[in-house]
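Okay, so here's the structure we're looking at.
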Amino acid sequence: MSGFFKRNPNPNPNRNHGRDWRSDRRSRPRPRRNFTCPTKGSSQFYCAIFALVVISLVATIFLQSSVTNVFKPGGEKVMFSRDHHNFGNVLRFVPLRLLQRFSKQSSLDLLRTEPRVAIRPPRLAIVLGSMKKDPLSLMLLTVAKGLQRLGYMLTIYTIEDGEAHSSWKQIGCQPFVLGGENISHVDWSIFEGIVLSSLEAERATTSLMQEPFSSIPVIWVIQEDALGKRLPVYAEMGWDPLIIKWRSAFSRADVVVFPEFSLPMLYSVLDNGNFYVISGSPVDVWAAESYIESHSKYQLRKENELREDDLLILVIGSPLFYNELPWEYATAMHAIGPLAMKLMRTKDMEGSFKFVFLCGNSTDGYRDTLQIVNRVHGLIFRARDPDTLTRAFSLLLSDMKLSKFAHLVASSGKLLSRDMLASECITGYARLLEDVLQFPSDTLLPVSISQLQQRTWEWTLFNEEMEMLDREVTLNNFDQSSVVYALENELASNDGMRSASENETETMTHDNPTQLDWDVLSEMEISEDFERRETEQLVERMDRTFGSWEETYNIARKAEKLKFEANERDEGELERTGQPLCIYEIYSGNGAWPFLHHGALYRGLSLSTRARRSKSDDVDAVSRLPLLNDTYYRDLLCEIGGMFSIANRVDGIHKIPWIGFQSWRAAGRQVSLSIQAENILEETIHGETKGDVIYYWVRLDIDTRLTGAHANLNFWSMCDILNGGHCRAVFENTFRQMYGLPLDMATLPPMPDDGDHWSSLHCWAMPTPSFLEFMMFSRMFVDSLDNVVHNWSNGNACFLGSSKLEKKHCYCRILDLLVNVWAYHSARKMVYINPNSGSLEEQHPIEQRNGLMWVKYFNFTLLKSMDEDLAEEADDQDHPNDRWLWPLTGEVHWQGIYEREREERYRQKMDKKRKSKQKLSERHRKGYQQKTLGR
């Protein structure tokens, strides 16, 4: 009979202690125990049955205590559940933290019943460690193809390129190689989730731990055991920093997925309560076929002392004996015993029955997978009815040989086992993604998992030549270039340097100086001081030739660069002197640093004090606007909060005629200005002397190439899609409250569907006075928006988004589009500049807006009077609402404040004048007396 050769994943970390860690991680599988039943006599056969029962009982007690202890690192609670089926009990490992988290996730089935207008598929990034043609690549390709059928859009990144590159292209994915520092230049924020496929993908966790990427869901698939085998070595050598580093990397993942239950045991030291098991992988089939091709049946029988006429009965068990499992196997053997004895009494048997017990990494899924009731792939018997096993077993033997029916079953079963658990693996990952990911308002929901029909691994994507070439290599695919050993070498070198330093310090501590040493040192210092003074006097007497003014200036500039950070910032100010435009790049975390530009045209604007670049003259938005120190409002406002900080006392930070802004995401999405576009924009601004104009270079419809039939969405429908379907209603109510308009009046400003572009991502430039006017309008709009949303939702979660991240950044998507409404209805000229070529194209020409613009609501005089009224209320503290955001978003000034300040300055002036007169009068009265010079 045929069976699988599975690797034996012994969870004992000391199993390979003393062996070379570079040795093959797989060994040829051998049977745990052989019980031989001779052809004559039955006493030894039943002794074997009794021995099996005893061994199973001991294994149950030992493994039950081991399993209870191994999954409790850091006090994490683990739930073991048993599902009762006809085939016995199924042991499942479910971390309690993940169980509680998944139970709180909203069901996608409920979301599918709600109205939803979306324009793009959910995006998923898969980071590969390498692109070898191995079982891991086969599993990932199979899962990826299944996810594509569900509607996911996949982007593939790889640390190293390889032979599987063409296979990924066959399923419609173009892999991007992340070599060197390129891994930090990926904008992870465009994805709903990220899948790391191996330990080699650890290089990506550094970027994913930093803002603004730290909240993106991450699923880490671990199929290698190389690190797990090294963890006991780290503990023995005292390499705690390395263990902490890996534990920190594992903690970044929302879920760490293993293909079997033995690997979580191996990695239990790194468990943060996020371990999860999705059964299914072609690695065992791959290894079994490779083993069969390299070993002959005759040689195996000879090595295991089995004769050709011996009949082997292979009993495959679970790696974890738990409760009733071993008893069921013992019952099966007990049921076969009488049939075997009957055959031996009726036939002249020269051979023998031999039972071989294999307890490998089998999973609970094989019970269900090998059931086919038509007796083609296997025979079904009831676990609690031994007679059914006897009847099934009798069909497989004929004259002490395997029957034709047995060969048919084995052949069909082999074909079925080639794709064992493929369907369960695909659906397992699809279900996990539904539990972990959150889908924004503009994202299509994935198709129901029940519609997946794929039940095989994608063997056709690997040609036979490459498959045969790589089979043996994949059994031990880790070498010194692996990230596991690279980190070891890095720590070893640092540790060696640290040890040397500690030894040197210890030697110096014990070698205390004597009085003679101090006397010699004092004489040396006196001698050096005398020589220095003598040299200085000689230099002063010598004739020197001074250099040119340019040389002196260059030397001074070079010295300034070596001074403190503040001087570097002053230098940045000098570089921008005389330029007409400065573009502030808004960012909110260290992860955005690689996307920021350098040079005099750009200046960073950090929304977080801790995330500001230390060696640049970036603006700290929090220090300029204390409201941003409140993370709640900083998250609500996003980029426009940074604009409020620049507008607050703008003369102290920005003194040039034009101002521009750009989100860090523009570079990440490759829509920022090229050098050619920058030059054209600066030249155009130099010649722009009349009228008011706004230049922008990121279009709102930049992603509509993916929307198909929705490519012609208008402005307000796009705003609705991005804001949970409530943009128009919220804008109307905000506009009505801002201007105090009646309820029966239409308050949604018309935005034409003329085919032209609208601005997005806060990437625009305009004259500084226009910017201040826009900020005055925006502050009042944000204040009204905050009141409307807060009152509408009764203080509950934001309804302008469906995902957690959208709710956190509640106002950001409406405020991103606000500049379009203001520019269109305030009669500003709108010009789109192509970020690549720099070509200019006017959008929504002013002459075509006649009759459509609501100019009276955007008139500067009206806005200024509204601003002064709010300032007067704030000055008098006469606002009925405690939740008043407007005074916190910038300066508070009205005519009364100006008059009060003028009166205060006049009073101080008169008081100073009065004190001067009193002092002069006192001198005249007493006379001037000079103090005594000295005695």
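Of all residues in the stretch 177-229, how many are assigned to a helix (DSSP H, G or I) and touching a residue at least 12 places away in the same chain (Cβ under 8 Å)?
We begin by selecting, within the stretch 177-229, every residue assigned to a helix (DSSP H, G or I); these are 180-185, 188-190, 199-208, 226-229.
The next check asks that each one be touching a residue at least 12 places away in the same chain (Cβ under 8 Å); those that pass are 181, 183-185, 188-190, 199-208, 226-229.
The number of residues fulfilling the criteria is 21.
If you go through the stretch 760-808 and pick out every residue that is touching a residue at least 60 places away in the same chain (Cβ under 8 Å), more than 30 Å from the chain's Cα centre (by Cα) and open to solvent by 50 Å² or more (accessible area, probe 1.4 Å), you end up with 3. Can you tell me how many residues within the stretch 446-460 are of a type in the set (Gly, Ala, Ser) and closer than 18 Å to TRP286 by Cβ? Number of matching residues: 0. Selection of the stretch 873-898 for residues being part of a helix (DSSP H, G or I) and of a type in the set (Asp, Glu) yields GLU873, ASP875, ASP876.
Picking from VAL285, VAL256, which residue would you name as being open to solvent by 10 Å² or more (accessible area, probe 1.4 Å) and among the β-branched types (Val, Ile, Thr)?
Numbers: VAL256 fails: open to solvent by 10 Å² or more (accessible area, probe 1.4 Å).
Just a single option satisfies the conditions, and that option is VAL285.
Here the stretch 625-647 is the region considered, the condition is being more than 19 Å from ASN820 (Cα to Cα) and charged (D, E, K, R), and the residue that is surrounded by the fewest Cβ atoms within 10 Å (Cβ to Cβ) is ASP630.
Given the criteria touching a helix residue (DSSP H, G or I) at 6+ places or on another chain (Cβ under 6 Å), of a type in the set (Asp, Glu), open to solvent by 10 Å² or more (accessible area, probe 1.4 Å) and modelled with pLDDT of 65 or more, does GLU181 qualify? Taking the combined requirement at face value, the residue does not satisfy it.
Only one of LEU743, LEU748 is at negative phi, free of Cβ contacts under 8 Å to residues at least 60 places away in the same chain, in a loop (DSSP other than H, G, I, E, B) and in contact with a Phe, Trp or Tyr (Cβ under 8 Å, 6 or more places away or on another chain). Can you tell me which? Explain how you work it out, then say what you get.
Numbers: LEU743 fails: in contact with a Phe, Trp or Tyr (Cβ under 8 Å, 6 or more places away or on another chain).
The unique qualifying residue is LEU748.
Considering only residues in the stretch 403-458 that are touching a helix residue (DSSP H, G or I) at 6+ places or on another chain (Cβ under 7 Å) and basic (Lys, Arg), the one that is farthest from ALA144 (Cα to Cα) turns out to be ARG418.
Here is a list: LEU136, LEU147, LEU141. Which entry is in contact with a helix residue (DSSP H, G or I) (Cβ under 8 Å, 6 or more places away or on another chain), open to solvent by 20 Å² or more (accessible area, probe 1.4 Å) and in a helix (DSSP H, G or I)? Even if it seems obvious, please write down each step before you answer.
Details: LEU147 fails: open to solvent by 20 Å² or more (accessible area, probe 1.4 Å); LEU141 fails: open to solvent by 20 Å² or more (accessible area, probe 1.4 Å).
That would be LEU136, the only listed residue that is in contact with a helix residue (DSSP H, G or I) (Cβ under 8 Å, 6 or more places away or on another chain), open to solvent by 20 Å² or more (accessible area, probe 1.4 Å) and in a helix (DSSP H, G or I).
When GLU585, GLU568 are checked against the criterion of being surrounded by 15 or more Cβ atoms within 10 Å (Cβ to Cβ), modelled with pLDDT of 70 or more and not small (Gly, Ala, Ser), a single residue qualifies: GLU585. In the stretch 434-461, the qualifying residues are those that are of a type in the set (Asp, Glu) and under 25 Å from the mean Cα position of the chain (by Cα), and the one that is nearest to ILE190 (Cα to Cα) is ASP442.
Restricting the search to helices (runs of 4 or more DSSP H) fully inside the stretch 352-447 and requiring at least 2 residues that are within 30 Å of GLU308 (Cα to Cα), of a type in the set (A, V, I, L, M) and modelled with pLDDT of 80 or more gives 404-417.
Name the single residue that is nearest to ASN714 (Cα to Cα) among those in the stretch 724-745 being small (Gly, Ala, Ser) and surrounded by 14 or more Cβ atoms within 10 Å (Cβ to Cβ). Don't jump to the end; show me each part of the working.
Let us first name the residues in the stretch 724-745 that are small (Gly, Ala, Ser), namely 724-725, 729, 740.
The next check asks that each one be surrounded by 14 or more Cβ atoms within 10 Å (Cβ to Cβ); those that pass are 724-725, 729.
On the way: GLY724: 16, GLY725: 14, ALA729: 16 Å.
Filtering first and then ranking leaves GLY725.
Condition check ((1) modelled with pLDDT under 85; (2) touching a strand residue (DSSP E or B) at 6+ places or on another chain (Cβ under 6 Å); (3) open to solvent by less than 40 Å² (accessible area, probe 1.4 Å); (4) of a type outside the set (S, T, N, Q)) across all residues:
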position	(1), (2), (3), (4)
GLN451	no, no, no, no
TRP459	no, no, yes, yes
ARG471	yes, no, yes, yes
ASN476	yes, no, no, no
MET497	yes, no, no, yes
ASN503	yes, no, no, no
LEU516	yes, no, no, yes
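The values are calculated or read from the model by the stated rules, or taken from the named source; none is laboratory data. Computed from a predicted model, the values in this text were never measured in an experiment. Positions of Cβ are backbone-derived with ideal geometry, glycine not excepted, and every protein chain shown enters the neighbour counts. Just so you know, the surface numbers come from the protein's heavy atoms only, side chains and all, with ligands and any DNA or RNA stripped out. Shrake-Rupley method; radii C 1.70, N 1.55, O 1.52, S 1.80 Å.
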